[in-house]
Amino acid sequence: MKILSLKRFFCALFLISYVSFSAVSQDFDSDLNYTDYKTNLFTELGFHFSVEPLYFYEIGTLNEFVFAKDSENVQYKLSELNWNLKNHEIGMKSEFGWKWIGLDTSFSFGVPGDSGYMYDSDWMHATNHSMKTNLSESEEYMNEGKTFSIGLFGDLPVTPESIGNYFCASVIPSFKYDYSYYYFSGYNGAGWYGSTYPNNPNATAYDDPLATYYKKGQLFGIDYSHEHHNLFFGLGLDFQVLKRLNIHFDYKFSCYTLINSVDTHFTNDKRSTGSDYNDQMEDSFKTSSIFTSMEYNFWNNFSIGTSYCFYHQPIIEGVTYTKSHTATDYTKTNSTTSGSSADTHRFSVYIKYAMKKTPYFY
């Protein structure tokens with residue numbers, strides 16, 4: 001999709017949201033005197049609601065590992081794949097609550113497109129496990145991306161009522177389920193393969209003059225699907241300044257992370273034969289995220305904002321199941337184990353319509 005088309009799409013999305021929400025909004029005073037919210041039955045009863053269409057841009061890396069053990073039972077890295085994220089997404093977020101408690105949910109869909117390069121590295125020497133014997137790189141295309149989250153949050157004011165018209169701070173505890181899925185294809189691969197591959201004591205490094213070079217397009221493709229499930233606990237701070245500017249920070253850690261990925265290494269140009277590797281990994285209290293946002297209330301119930309989220313997942317290990325690409329049943333691999341890590345940066349811009357309470361008026 002061309003950039004111009006994306007711009008038109010987002011402009012249309014925001015315009016439709018604006019017109020739709022304006023039809024049901026109340027004509028609040030432009031100086032945003034919070035006592036006027038009491039005239040609205042919805043907010044007078046303590047309910048609050050918001051909805052916001054969003055545009056995301058996500059960059060980062062998803063990493064996949066294969067580990068083995070030597071004769072002394074010492075683990076070493078046998079293979080590593082690095083998939084780059086350069087992902088445009090559109091989505092929606094909404095919140096609904098009563099007084100100090102609320103439910104929020106969000107979803108997004110990625111726009112298919114080029115995503116840089118993926119890299120595949122191997123350490124195949126029989127004894128020197130620090131020697132990288134193979135390196136290949138392929139052009140990368142993101143076929144599909146989607147995210148979903150749902151969670152509970154609290155909104156606990158911590159500033160005196162006397163200064164509420166100028167400054168308001170709240171503590172935001174939260175519990176959230178978070179899901180993400182990505183599906184990539186690597187194609188037009190090129191690579192350097194050490195001589196006497198594989199697993200020979202005389203193997204040479206990928207950058208040795210004796211290594212074999214396969215030019216672009218000579219290597220067959222790779223497909224990769226990757227999904228994350230996280231249960232996040234979080235603690236945030238929310239600051240509202242002079243009624244119009246809202247600044248938010250929060251930190252979340254995952255009490256449970258489940259990762260399921262499948263990569264297919266094809267053995268022909270038609271991508272019809274090859275080997276499938278299904279990696280399943282889980283762990284607790286390793287994954288975390290940092291989030292910050294800033295939004296400005298420019299008219300009545302409408303705000304415009306931007307946000308940034310950093311997601312960090314260190315290596316989580318698990319098991320691998322393999323099969324032929326044309327077969328149906330997987331077999332567990334006992335000679336190796338799998339691993340996964342990720343670091344991503346997610347930026348967004350959004351417009352928000354909110355019928356929102358102020359805690360002091362309950």
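The values are calculated or read from the model by the stated rules, or taken from the named source; none is laboratory data. In this text, all values refer to a predicted model and were calculated from it rather than measured experimentally. We place every Cβ from the backbone using ideal geometry, glycine too, and count neighbours over all the protein chains shown. These accessible areas exclude ligands, DNA and RNA; they are computed on the full protein's heavy atoms, side chains included. Shrake-Rupley method; radii C 1.70, N 1.55, O 1.52, S 1.80 Å.
Here the spin labels are modelled as points 7 Å beyond Cα on the Cα-Cβ line, and at residue 233 and residue 329 they lie 4.2 nm apart.
Rank 74, 111 by accessible area, highest first, at a 1.4 Å probe radius?
Highest to lowest solvent-accessible surface, that is 74, 111.
Each part gets one Cα centre, and for the range 77-97 versus the range 233-254 those centres are 22 Å apart.
Given a Förster radius of 45 Å and the C-beta distance between residue 256 and residue 190 as r, what FRET efficiency does 1/(1 + (r/R0)^6) yield to the nearest 0.05? Numbers along the way, then the final one.
Values: r = 40 Å, r/R0 = 0.88.
Result of the calculation: an efficiency of 0.70.
Tell me, what is the per residue accessible area of the range 146-280 in Å², probe radius 1.4 Å?
Details: 6780 Å² over 135 residues.
Spelled out: the 1.4 Å probe surface of the range 146-280, per residue, equals 50 Å².
Taking amide H as placed 1.01 Å from N in the peptide plane, residue 115 has its amide H under 5 Å from the amide H of 140, 141, 142, each at least 5 places away in sequence or on another chain. For the listed residue pairs 86/270; 77/270; 86/323; 176/252; 77/323; 69/323, the alpha carbons are over 20 angstrom apart in 86/270; 77/270; 86/323; 77/323; 69/323. For the range 38-187, the fraction of 1.4 Å probe accessible surface lying on carbon and sulfur atoms is 61 percent. Remark on the range 140-283: ratio of C-alpha radius of gyration to 2.2 N^0.38 Å is 1.72.
Computed extension length for residue 304-residue 156: 50.9 nm, one decimal, from 0.36 nm per residue of separation with the Cα-Cα distance subtracted. Given an 8 Å cut-off on Cα distances and at least 6 residues of separation, report the relative contact order of the range 196-303 as a percent. Over the range 196-303, the number comes to 25 percent.
Kindly sort 244, 346 by accessible area of their heavy atoms, largest first, with the probe set to 1.4 Å. List each step's numbers first, then the result.
Numbers: 244 70, 346 50 Å².
Ranking 244, 346 by accessible area, largest first, yields 244, 346.
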